[in-house]
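Each reported figure results from applying straightforward, stated rules to the coordinates on display, with no laboratory input. Everything quoted here is computed from the prediction, not taken from an experiment. Positions of Cβ are backbone-derived with ideal geometry, glycine not excepted, and every protein chain shown enters the neighbour counts.
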Amino acid sequence: MNEPNLILLLVFLPFAGALVASTMPAGARTGTAWLSGLVMTAGLLILAALHGPVAEGRVLLETLSWVPSLGLDLDFRLDGFAWLFVTLVLGIGLLVVLYARYYLAKSDPAPRFHACILAFTGAMIGMLTSGNVIMLVVFWELTSLISFLLIGYWHRSPAARDGARMALVVTAAGGLCLLGAMLLLGQIAGTYDLDRILASGDVIRAHPLYGTTLALFLVGAFTKSAQVPFHFWLPNAMAAPTPVSAFLHSATMVKAGVFLLVRFSPALGGTEAWFFAVTGVGMATLLFGAVIALFRHDLKGLLAYSTISHLGLITALAGIGSNGAIVAAIFHIANHAVFKASLFMAAGIIDHESGTRDMRRLSGLMRLMPATGSLAIVAAAAMAGVPLLNGFLSKEMFFAEAVEWHNGTWLDNSLPYIATLASVFSVAYSLRFIATVFFGPPPTDLPKTPQEPVRWLRRPVELLVLICLVVGIMPGLTLGPTLNMAARSVMGADMPYYSVSVWHGLNTPLLMSLIAMVLGAVLYLTFASRIAQGPEGPPLVYKLQAQRFYERVMLAATWTGPRRLVRLFGPDRLQPQLRLIVLLAIGAMAYMMWGSTGLAPWRGFTDPNIGFLLMWTVGAACAVGAAWQAKYHRFASLVLLGGAGLVTCLTFAWLSAPDLAVTQLLVEVVTTVLLLLGLRWLPKRLVEIQGDRLRAARIRRSVDLVIAVVFGATVSAIAFTVMTRPQLSTVGDWFLRNAYSEGGGTNVVNVILVDFRAFDTFGEITVLVIVALTVFALLRRFRPAVESTGRPEQQALPTARDLQEDMLIPSVIMQWMFPVTIVLSAYLFMRGHDLPGGGFSAGVTLAIAFLLQYLATHVRWVESRLTVLPTRWMGFGLLIAGGTGMASWVFGYPFLTGHAQYVDLPLIGEVPAATAMIFDLGVFGAVTGATILMLIAIAHQSLRSTRVRAPDEVSRPDREEAA
């Protein structure tokens, strides 16, 4: 397999694994773990195969056309920096999968966990390898969405739900800012290609929009990497399971922000604004996180704030931007991922075996868990920057860059002092982690008696700690070549070779390290008892204000603000809401026509057709009659309303629009059924209202009549003007000329929908499916108010037989029409590419065939003989439509590129065939399932039996939808 195909496999293999994992049974703990492990291992093998070309300095590229006219392509690139980052993601991901197999309880849904882990891995790899900045943002936001699912994995816990929601809101909002920055970068550089943008640094920095672009970019990066003041979401995300925390907060999610800062430093860096914003925020976050971590009593809370602190260190290095700073930033990204993942896993083992993470209750675990304690001590020492461990090397490189002269500003001059002070607190909280948990008297009053875990739960920690030791002792032989490879891919091939070693002599960075270790030990030993007895974190007003500000904004955005808007513009009744919408539409049309002399000159009727006028007279009479009969007999009003819709259908056919006529007729049938099922939910008729309510109702109807006449007259005038305007050349002429030659069909409307504008149609059926599921979710919990006949379980709900007798439904005829309607649906689908019809019309027709059975017979009778399963119709419809689009990639064409040709069938001869018909089959399935799901949900509310069904009486379709 060639290199580009390997890159595509590297990106999409985790998504395929996630899809498989989501279909596995809930109890398949070992099977899903093996699946995830094999996917991660396969990714590492692919990276090993690609290491040679990347080590030579090549940038491996693969492009899938998406929307070339807009510069939107699926470009994937792999250079040294991306290779190192993807290796961290897959390597630690593999260890997390092994760890989770023995950490999660048997009752935890393992398939959901592994599906989310694999999907998150795919999103991270997609973001790291994206060569198009818009697609980079797409994968960026996908990581936010999937992390929401991972953090809220234990969704029954309020803390997990709140933490997941907070992480999603903060990081997704930052992603929107990042999208704005990427759009501006694309406009400035004239391209959305990442390599060309990175090479356009001089043009970007000299552009007037540089400041705006930089601000939006930094907000996106800072929110994801939990920089001050956006740091508060990360500690709240600790409600996630420990395997999730170890994965997201060591090598993946929080590292995405610093990855972006390092990646884009050649294009956006090198300015005073970049230095002050990035380095200033990074140093503030470094010190702030270290101070808070010292006072946290929860093990994962301490590790969360230490993560914030180390992310600030990497951010500060990216802001400095020199060659040495970039090398140090990349080095610390790798080192931090290793020792922080091992610390999270060690904290999880302690929690798993002792039942608590509160350091005030933990002590002396070294006697009971010597192996785990030794591993955790080494990892914590690496976090503190103790010599001969990997954390010491990158922190010493950070100190070296801090003491270097950069621009002579006050921030530049203060870097060594801030770095040393933050390192003092880093040593102090690392020492507290070691001394409090593993030394001291034996623990008492713990939920569980601590003991060593099963060996496979400890194996990932052992491997990570071994890496901390090996890299710390032999950095040049282990990580040195890969580090230089990654740094060259960021800074360019002209970057001088940079060597990493354990000993650089007695110099200022070493002195700073020694001072930090001594003062850190003194700080902890002096205030250890006060810290243990104090509150959860120091009383910092800034920390409280940051989270309180978020909570106030969320309260205003999700509760107080919407309630005020509802009070102003959202009355409880439907009519005032519709009236407001219509008035806004009239106002918008009046504004657009203000000052206009007329849309088009009046040409009058040159030769009116008597038949057409009579048809419209009947339609107008039906419309007026429907409005009048609504007061007295709603079923008659519904029949008359159907007559007006039928006249509209005939009008389309009269004006040579057969596709619109077919669609209008089918939609009219479905709408009539919808209204028929909803008649009993409407309020009392006007004739049943007396007194003041009657006068108010008449006034309301008069106002509605005036609004309806004004709106109808305005729309009619615009429609008439558009239809009688002089014939001009439009885009429709192009479609008429090219429908057959380009799309292989003579039905221009259908060719537009499933070929020329297939991407729009794909989006529309996706929205339709979402709407159908939403309607079902709402209706399954809603019951209309009814009059009780005595006992609560015997409410007076009409049955299907009652509706048959009251509405004179010819049930026998509708049962006979069932096979005929199915044949008509197949006929409309097969002819749709060349004659009026298509997937939408066929789908609605098939849905009508099922729905008529619900009206013709009892609901229970239908469901005992028909298993519709609408969610599967929708799911397979979307899969077929999306699969048809992705199949074009196999042949090197953009998404949803169609192909048409004639095929020779035995005994039949040549028949036209187009891939658009396969896409139309997906439309057919989605429309059928969505229509059936919505209207059957309404039917279950309106045609419910007079007694409440027992749980064992729920039909198969109900069981599927409830599941």
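The table for this structure:
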quantity: Alpha-carbon centroids, the range 403-436 and the range 222-248: separation in whole Å; calculated: 22
quantity: Cα point-scatterer Debye curve for the range 328-397, base-10 log of I(q)/I(0) at q = 0.20, 0.27 Å⁻¹; calculated: -0.80, -1.13
quantity: Average projected area [Cα convex hull, the range 389-500], square nanometres; calculated: 11.2
quantity: Kirkwood Rh (inverse of mean 1/r, distinct Cα pairs), the range 243-295, angstrom; calculated: 12.8
quantity: Quotient of Cα Rg and 2.2 N^0.38 Å for the chain, N being how many residues it contains; calculated: 1.12
quantity: Cα-projected label distance for Gln451 with Glu272, points at 7 Å along beta-carbon direction, nm; calculated: 6.6
quantity: Convex hull volume of the range 1-140 per residue (C-alpha atoms, cubic angstrom); calculated: 104
quantity: Percent RCO, i.e. relative contact order, over the chain, from Cα pairs under 8 Å lying at least 6 residues apart; calculated: 9
quantity: Extension gain (nm, one decimal) between Val715 and His504, 0.36 nm per residue minus Cα-Cα; calculated: 67.9 nm
quantity: Additional length obtainable on full extension of the chain from Ala528 to Arg156, 0.36 nm per residue less Cα span; calculated: 130.3 nm
quantity: Gain on full stretching of the segment that runs from Ser656 to Leu511 - 0.36 nm per residue minus C-alpha separation; calculated: 43.4 nm
quantity: Cβ crowding within 10 Å averaged over residues, with 22-32, 474-484, 456-466, 287-297 ranked highest first; calculated: 287-297, 456-466, 474-484, 22-32
quantity: Rg followed by Dmax, in Å, when the range 269-375 is reduced to its Cα trace; calculated: 16.9, 55
quantity: Part-to-part distance (alpha-carbon centres) for the range 868-882 and the range 1-21, which is given in Å; calculated: 24
quantity: Highest average packing first - 912-923, 405-416, Cβ atoms within 10 Å; calculated: 912-923, 405-416
quantity: Segments 555-562, 334-341 sorted - mean Cβ within 10 Å per residue, highest first; calculated: 334-341, 555-562
quantity: Value of [θ]222 nm, deg cm²/dmol, for the chain, DSSP H segments ≥ 4, -39500 (n - 2.57) each, nearest 500; calculated: -23500 deg cm²/dmol
quantity: Histogram of C-alpha separations across the range 1-54, 5 Å bin width, %; calculated: 4, 19, 27, 19, 13, 9, 6, 2, 1
